[in-house]
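The values are calculated or read from the model by the stated rules, or taken from the named source; none is laboratory data. Remember, predicted model here, so these are calculated numbers, not experimental data. Counting neighbours? That spans all protein chains shown, and the Cβs are built from the backbone with ideal geometry, glycine included. The accessibility values were calculated without ligands, DNA or RNA, using every heavy atom of the protein model including side chains. Shrake-Rupley method; radii C 1.70, N 1.55, O 1.52, S 1.80 Å.
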Amino acid sequence: MSIRVESITKSWGNFTALRDISLDVHDHELLALLGPSGSGKTTLLRIVAGLETADHGEIYLHDEKATHHHVRNRRIGFVFQHYAIFRHMTVFENIAFGLRVRPRKERPSESEIHKRVHELLNLVHIEQFAYRKPSQLSGGQRQRVALARALAVQPKVLLLDEPFGALDARVRQELRGWLRNLQKELGITTVMVTHDQEEAMEVADRIVIMNEGRIEQAGSPNQLWEHPANAFVFDFLGNSNLYHGLVHSGFIELPGWKMRSNGWPEGGEVDVGVRTFDVRIAPSRNGSGRVKRLISSGEFVRLEIELPQEKRLNAQIHKCDPSLVGVQEGTPVRFEPLKAFVFHDQVTTGVPLTVH
Ligand code: ADP
Ligand code: MG
């Protein structure tokens with residue numbers, strides 16, 4: 001096990017940022033900590049790194065208790081959201097920095113440093129910029145320098161805190177794929193913090209979803225997508241509609257539709273989630289929905305459908321889908337969720353049910 005976090009709790013005054021967090025990061029995996037702003041992701045990462053101390057709990061690195069080890073002795077590489085590279089140094093000197101400041105006994109020779117830095121420049125594809133200053137680089141290139149610098153000291157673990165957070169969408173997308181390949185090539189155990197669900201789904205082997213200092217669920221992207229543990233996880237993964245419903249006479253009653261309750265307790269309250277991709281519609285004079293907005297963006301048409309009781313249903317339908325023929329803003333429609341997730345007391349595993 002590369003990292004074990006055991007019952008970590010952290011408060012500032014009477015505000016609790018982390019509540020009894022336990023998690024394992026396996027060797028060679030890329031784990032994403034995903035959650036809204038303020039959920040405790042950075043705090044947890046800083047405790048693993050040794051930049052912050054926990055109130056309770058232990059950190060193990062490579063099966064050795066490291067809770068009280070100094071950050072210097074944890075053999076961890078970091079990359080933060082805001083470029084933490086030195087502005088007055090060239091790219092080469094930035095990457096060499098971690099090697100030059102080592103105690104004399106461990107410091108590589110000048111020719112070894114040269115060789116190692118060029119290997120790293122090569123690895124992150126910025127050889128041609130070795131003698132530039134950071135101000136002469138794009139944001140994406142600077143983050144590659146930051147990563148190369150983190151890797152220079154051959155860390156056993158890499159911690160990335162929203163490393164692409166300050167970059168524009170296109171560069172972010174490109175760097176995601178690049179990071180994923182690089183991490184697999186090096187096999188270095190990596191924890192990456194992000195609040196972007198798409199980024200986490202795309203790069204991570206496993207995702208840990210955090211909310212208000214707690215772990216809501218941990219699992220592979222596919223497990224979270226197919227079996228969200230609760231309404232928060234379902235909703236946070238995006239492209240979702242979430243409703244509150246009551247179980248009545250064997251049905252869950254929702255605004256404009258109902259579904260068979262399949263044994264949920266009579267009179268109970270449930271949350272029902274429907275993904276935007278799992279909605280079918282058809283124009284119909286007697287339909288209980290009405291298209292309020294229709295946005296054609298790329299391959300998909302996004303529809304905002306007005307339901308009774310001032311509720312809304314968002315749908316995404318492929319623009320070639322014949323059900324869209326004759327549909328425009330204002331059209332009354334029938335709609336059918338193809339799959340729904342039902343959550344009871346926020347803790348039950350979502351069960352997809354057929355809608356009747
Ligand atoms: P995230 O990275 O998920 O956005 P953080 O771990 O940065 O969240 O913060 C979690 C909570 O802890 C936030 O409400 C934040 O304001 C609070 N917090 C973080 N660092 C400190 C600190 N040094 N002093 C007081 N409160 C802090
Ligand atoms: Mg943060």
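For the reader, a short list of remarks on this structure follows.
- With respect to the chain, whose longest principal axis is taken over its alpha-carbon atoms, helix 91-100 is tilted by about 70°.
- Phi-based couplings in Hz for region 232-238 (Karplus 6.51, -1.76, 1.60; Gly and Pro marked x): 4, 4, 3, 5, 5, 6, x
- Helix 139-152 and the long axis of the chain differ in direction by around 50°, with both axes built from C-alpha atoms.
- Contact order relative to length of region 55-201, as percent, for alpha carbon pairs under 8 angstrom and 6 or more apart: 29 percent
- From the alpha carbon centroid of region 34-83 to that of region 122-196 is 19 Å.
- Among residues other than V48 with Cβ under 14 Å from its Cβ, the summed charge is +2 (Lys and Arg +1, Asp and Glu -1).
- Rolling a 1.4 Å probe over the protein heavy atoms leaves H88 with an accessible area of roughly 130 Å².
- For region 171-309, a crude dipole built from +1 on the beta carbon of Lys and Arg and -1 on the beta carbon of Asp and Glu, taken about the Cα centre, is about 480 debye to the nearest 20.
- Fluctuation leader among D161, D24, D196 - the chain, Gaussian network, Cα springs under 10 angstrom: D24
- Residues whose amide H falls under 5 Å from that of F251, counting only those 5 or more places apart or on a different chain, are S261, with hydrogens built in the peptide plane.
- Helix axis angle, 110-123 relative to the chain longest principal axis, alpha carbon, degrees: 20 degrees
- Taking D271, D55, D205 and ordering them by how much accessible surface each has at a 1.4 Å probe, largest first, produces D55, D205, D271.
- For the residues F300, F343, F15, a GNM of the chain with alpha-carbon springs under 10 Å puts the largest fluctuation on F15.
- Solvent exposure of W12, expressed as accessible area, is near 120 Å², computed with a probe of 1.4 Å over the protein chains only.
- Those trypsin sites (Lys or Arg not before Pro) in region 50-107 that DSSP places in a loop and that have at most 15 other beta carbons within 10 Å: R75, R87
- Calculated on C-alpha atoms, the gyration radius of the chain divided by its Kirkwood radius gives an Rg/Rh of 1.07.
- Less than 5 angstrom separates the built amide H of F80 from those of D161, all sequence-distant by 5 or more or on a different chain.
- Solvent accessible area, Å² - E202, 1.4 Å probe, full protein context: 90 Å²
- Accessible area per residue (1.4 Å probe, heavy atoms of protein chains only) ranks K184, K41 as K184, K41, with the largest value leading.
- Among the GluC sites (Glu not before Pro) in region 273-309, those placed in a DSSP loop whose Cβ has at most 13 other Cβ atoms within 10 Å are E299.
- Using a Gaussian network model of the chain in which every pair of alpha carbons under 10 angstrom is joined by a spring, one finds that among N94, N181, N14 the greatest mean-square fluctuation is at N14.
- Under 5 Å, built H, 5+ apart or other chain: amide partners of S288: F335
- A 1.4 Å probe over all protein chains sorts Y243, Y60 by accessible area into Y60, Y243, starting with the largest.
- The count of lysine pairs in the chain that are at least 8 places apart or cross chains, and whose C-alpha atoms lie under 19 Å apart, stands at 10.
- Length-normalised contact order for the chain - Cα pairs under 8 Å, 6+ apart - percent: 15 percent
- Each Lys and Arg Cβ is given +1 and each Asp and Glu Cβ -1; about its Cα centre, region 61-119 then shows a dipole of about 220 debye.
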